[in-house]
Every structure is written in C-alpha cells, then in structure tokens.
Amino acid sequence: MVVGLARSRSLSGPWNDLGPILRARPERGWTDTWIGAGAVPLPLGNGRYLEIYHSGHLAAGGSRLYTLGATVLNFAQLDPARLESIVESRFDHFMRPGDALGDRRPVPRQRGQRAVHLRRDVHGGVIRILYGGGDSYVLAADVSKAELLAALA
C-alpha cells in the first residue's frame, strides 16, 4: 500500500490520482507490510510539512504489528515527473507497541484527524499523538518536536 497525491479543480471532484509519494518498505519476517492514514500534516514552514503515519505488518500466522512513522514532505522540491521527490526524510517505526497496560499491549494505530495535534503551551514544542491501543483504548504520547525533527534530519 502507498500514500499518494491527488488533485481536483473543485472539492466536489472529480479527483485525479497523480501517483504514489510514499510506499511501505518490505521487511524480513513479515508476509505483508503497508502504510496508512495519519493525521493532517503539521506545517513546518517554507512548503515543508511533518506527517505522522501508521504502518502495519502481517506475519504468516496472522498476527499483526502496528508502528508509527514520520516523514517530512517538502512541496518546494516536488518534481511532478517523480512524485516521491516530495519526501525529504523518513523515520519508520519511531513508535512501537509497549506493554504499559500489562498484558494488553497498546498498538499504535492512527486514524484520521484526531491522531496528531501540536500542543502549544508553557512547555511548547511538544507533539501529542493520540492512538488506538489494541482497539480497546485511546492513548496519548508526547514527543518532542525538535527531537523528532532531528531524528528525521
């Protein structure tokens, strides 16, 4: 599965698929890998955006693993002939399942607009990620924006 780019002259469509910008990377030990929806990208300035997405991994026995990845998309370097050029940097699996709930392992799985927002408060510079925990919980994790961007550099 891939994340793609689409264009329309109006909100009512039609939407034209322009092609993929980000693909799942095959990984040893998994029969299938995919990436999926994240939240609305966070603007970084100068046509750059931070996107946090989820990736899934399927084992031969049917078990699944979900992780979160991050990418910086740079619209200033987009080459329409090579849409992948929009990806400035990428950091797969920066957040993996943990066992904070005992034997109910939280599974990072983002869905739609509720997944990420930038918290602007006294501490500043923190990205709060809301994610599903094993389809039973909604959990939150705070990540330093500066630290995540440094890891993407």
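Worth pointing out:
- As for the stretch 53-62, it holds at least one residue that is in contact with a Pro (Cβ under 7 Å, 6 or more places away or on another chain), touching a residue at least 12 places away in the same chain (Cβ under 8 Å) and not β-branched (V, I, T).
- Enumeration of residues in the stretch 1-57 that are surrounded by 15 or more Cβ atoms within 10 Å (Cβ to Cβ) and small (G, A, S): A24, G36, G38, A39, S55, G56
- Filtered by the rule that a residue be under 20 Å from R64 (Cα atoms) and out of contact with any strand residue (DSSP E or B) (no Cβ under 9 Å at 6 or more places or on another chain), the stretch 1-29 gives a lone residue, R28.
- Any hit, the stretch 68-78, residues being touching a strand residue (DSSP E or B) at 6+ places or on another chain (Cβ under 8 Å), surrounded by 12 or more Cβ atoms within 10 Å (Cβ to Cβ), at pLDDT below 90 and in a strand (DSSP E or B): yes
- Out of S85, S144, sole residue that is within 23 Å of V3 (Cα to Cα), surrounded by fewer than 17 Cβ atoms within 10 Å (Cβ to Cβ) and modelled with pLDDT of 75 or more: S85
The values are calculated or read from the model by the stated rules, or taken from the named source; none is laboratory data. Quick caveat: nothing in here was measured; it's all calculated off a predicted structure. Cβ: placed from backbone, ideal geometry, glycine included. Neighbour counts: every protein chain shown.
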